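Written below as structure tokens is the structure these notes are about.
Each value in this text was obtained by applying a stated rule to the coordinates, not by laboratory testing. The structure presented is a predicted model; accordingly, all values stated were derived computationally and were not measured. When we count neighbours, we look across all protein chains shown, and the Cβ atoms used for this are built from the backbone with ideal geometry, even at glycine.
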Ligand code: ADP
Ligand code: SF4
């Protein structure tokens, strides 16, 4: 299909200093949990983005000095010529598809404890680590340190050019780099020419920019990534004041202004807390103060929103990290007039969560992310089925839908049977919770794809029994029947049922999602799950007029949300909703109209009035159907089913990303003999030096 002319502007080349981007799709630097630790995987992932049409594809942050060692995070680094090999390969892979390769040079200053290098961290001031709680202090950079730092930055920029990068990003953003630390009044109380006035605090950034331009600017674009607002009011940079003045002072120096808000929590807000394009109001001034091209991010997934941002004069380039993870082929799909095939990012930050745990990032929407090299998974294609076979998938939640989509893509004859009238399983239910409507994209993308496949039949309102499944006699059967929340409190902290949880006023998230409500105004949520569920139910019930308390055994409410960068915003939202937060608190018994609680810090029991209790602790797989079938197959070898498997929450309850991944994997592996003793992917190997001659 031809591209819709209204998107033509997205495909206009753009001159950025001495280089020209082929289009307006800019994959900004983003962490991915692979980097230098799993370089082959990182290279293949970046290559896939270029193949999918992103005109500029960047590295994640790339540290260039041992005193700015980003470990334990799996970023890239360029400390010496040994690092040129894998970064050079990344450039080749990006160039192979006609895209520009960019690199973001970084020193994390007083944010990085240098766990690997053991160098003393450096920054504008003598002060403890900022992000890290490690008992380590950074030391104030003296003039010699500043000279060394600038020299290393220049050297890294030259190396980057020499190995093929087209664009070098000088990075002052996210409250996480040496130039941004120097720029922030709260971090910089120096009295020399690098402290005090804005001009002085900006001096180091200006020097880096000028020196990089001078060193490589004739052939390589020298751009900036710059936070214009820290979203902390007058305590930080504000776009109306110093944020704007800083851009004005350096306006024509960089070849591109890539502007955003800081810190990372603010820059990568989830869809629960910010809509698409939410950074526009902060960065809109930039194009008015520079003639250089401008770019920003803001989880743009819709080509209409992208075109609008360009037409309204806010940006020239559309920056994207998460939308390019969820759909590496987004630009190609726009170009080919296949808008409905775009797999839109849902803004959940599971990708961020995994990189924060220093693991290869996974994506709720794109299960092939991080698997491009080690499993050879391509986001758009899969090997054709080797035989004309029939696959029955029971349950159309995220696991069943993805299994059906990929089995269909491979050419299997697929039957997808769903007990309910609605498809989507938990995704449909959960997307009705406050702030989670974008999660329905997980369902909608898959239904959209399946509807186009003549070899996939979907049956709604079809609760399958074991007898019906046997009678159908499919070659392969996948049971994707999901999981249910437990009512008895069993979970991470409690291994025995909480007394009294059998009472009618004790509910689970499944009850709430099905429309049941506590019998009176006072509700206690017991959260031993530590992710979003208890918080969004608290928000929902509070909006409905209940008086809500949320108790959790951990010192933090929804502790895992630190990884998705949502913890602060979640806490603010609960406070605004008037939810009483009870950290360090375990539910020990349920009684009529009240809950008995234990505070592990005060080491005290207390009673709390509660007309209703909602238990958010753990889930049990809905595996009855699978067990029944497995028994029949065992008793009747040669029964008319070839293979029987469980997928998704029915195999092991998890996050939606896991259900999608497992459904995908099931369909990819159909027709392949998999030995569970084997490692199910290619591994990266270190080169081990030969023993020294004795
Ligand atoms: P997952 O996250 O693993 O995809 P979900 O709980 O979201 O799991 O979805 C499971 C789906 O399976 C639900 O939509 C449910 O209605 C459906 N289901 C459960 N039992 C049956 C059955 N016997 N026949 C058909 N569908 C079923
Ligand atoms: Fe988007 Fe979630 Fe995928 Fe990240 S994990 S790219 S936020 S869908």
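Over the stretch 5-356, what lengths in whole Å, largest first, do the semi-axes of the equivalent ellipsoid take, defined as the square roots of 5 times the eigenvalues of the alpha-carbon gyration tensor?
Result for the stretch 5-356: semi-axes of 30, 22, 19 Å.
At 222 nm, what value in deg cm²/dmol follows for the chain if DSSP H runs of at least 4 each add -39500 (n - 2.57) and the sum is divided by all its residues, to the nearest 500?
On the way: 23 runs with 203 residues, N = 694.
So the helix-based figure for the chain works out to -8000 deg cm²/dmol.
Note down the nm distance, to one decimal, between modelled labels 7 Å out along Cα→Cβ at residue 189 and at residue 11.
Placing both labels 7 Å along Cα→Cβ, they lie 5.7 nm apart.
Work out the FRET efficiency for residue 636 and residue 562 from their Cβ-Cβ distance, taking R0 = 51 Å, and round it to the nearest 0.05.
The pair residue 636/residue 562 has a calculated efficiency of 0.50.
Given the C-alpha centroids of the stretch 377-447 and the stretch 536-612, what is the distance between them in whole angstrom?
For the stretch 377-447 versus the stretch 536-612, the Cα centre distance is 35 Å.
Of the beta bridges DSSP finds with both residues in the chain, what % are antiparallel, to the nearest 5?
Numbers: 20 of 86 bridges.
Counting only bridges with both partners in the chain, antiparallel ones make up about 25 percent.
Starting from the 7 Å offset along Cα-to-Cβ, what nm value, one decimal, do you get for the label separation of residue 628 and residue 136?
Those two pseudo-labels are separated by 5.7 nm.
Sort 415, 59, 48 so the one with the fewest other Cβ atoms within 10 Å of its own Cβ comes first.
Ordered by Cβ neighbours within 10 Å, fewest first: 415, 48, 59.
For the chain, what is the convex hull volume of its Cα atoms per residue in Å³? Spell out each step's value before the answer.
Values: hull volume 134.6 nm³, N = 694.
Cα convex hull per residue, to the nearest whole number: 194 Å³.
Please arrange 351, 677 by how many other C-beta atoms lie within 10 Å of their C-beta, fewest to most.
So the residues, fewest neighbours to most, are 677, 351.
Can you give me the C-alpha center-to-center distance between the stretch 91-150 and the stretch 179-199, rounded to a whole angstrom?
Rounded to whole Å, the Cα centres lie 17 Å apart.
Semi-axes of the equivalent ellipsoid for the stretch 570-634, please: Cα gyration tensor eigenvalues, times 5, square-rooted, ordered largest first, whole Å.
Semi-axes (√(5λ), whole Å): 37, 17, 13.
Going by a ≥ b ≥ c, the root eigenvalues of the Cα gyration tensor, does the stretch 485-618 fall in the rounded group (a/c under 1.5), the prolate group (a/b larger than b/c) or the oblate group?
Cα axes put the stretch 485-618 in the rounded bin.
Based on DSSP, what percent of beta bridges with both residues in the stretch 485-618 are antiparallel, to the nearest 5?
Taking every DSSP beta bridge with both residues in the stretch 485-618, the antiparallel ones total about 45 percent.
Restricting to Cα pairs below 8 Å that are 6+ residues apart, what does the relative contact order work out to for the chain? Please round to a whole percent.
About 11 percent, as a whole number.
Once the Cα atoms of helix 398-409 and of the chain are each reduced to a long axis, what angle between those two axes, in degrees from 0 to 90 to the nearest 10, is obtained?
80
Please report 544, 402 as a ranked list, fewest other C-beta atoms within 10 angstrom at the top and most at the bottom.
Least crowded to most crowded, the residues run 544, 402.
Taking a spot 7 Å from the Cα of residue 357 along the direction of its beta carbon, which residues of the stretch 246-284 have an amide N less than 17 Å from it?
none
Write down the percent of antiparallel bridges among all DSSP beta bridges whose residues are both part of the stretch 59-198, to the nearest 5. Walk me through the numbers before you get to the answer.
Working: 2 of 13 bridges.
Rounded to the nearest five, the antiparallel share is 15 percent.
For residue 606 and residue 280, what is the calculated FRET efficiency with R₀ set at 51 Å and r taken between the beta-carbons, to the nearest 0.05?
0.60
For residue 162 and residue 592, what is the calculated FRET efficiency with R₀ set at 56 Å and r taken between the beta-carbons, to the nearest 0.05? Walk me through the intermediate numbers first.
Values: r = 75 Å, r/R0 = 1.34.
Approximately 0.15, to the nearest 0.05.
If I model a spin label at residue 291 and residue 674 as a point 7 Å from the Cα along the Cα→Cβ vector, what separation in nanometres do I get?
Spacing of the two 7 Å Cα→Cβ label points: 5.8 nm.
Taking the highest mean first, how do the peptides 331-339, 8-16 order by number of other beta carbon atoms within 10 angstrom per residue? List each step's numbers first, then the result.
On the way: 331-339: 18.7, 8-16: 15.8.
The peptides rank, most packed first, as 331-339, 8-16.
Expected output is a single nm value to one decimal: the length gained when fully extending between residue 312 and residue 419, i.e. 0.36 nm times separation in residues minus the C-alpha distance. What is it?
My answer for the length gained is 33.8 nm.
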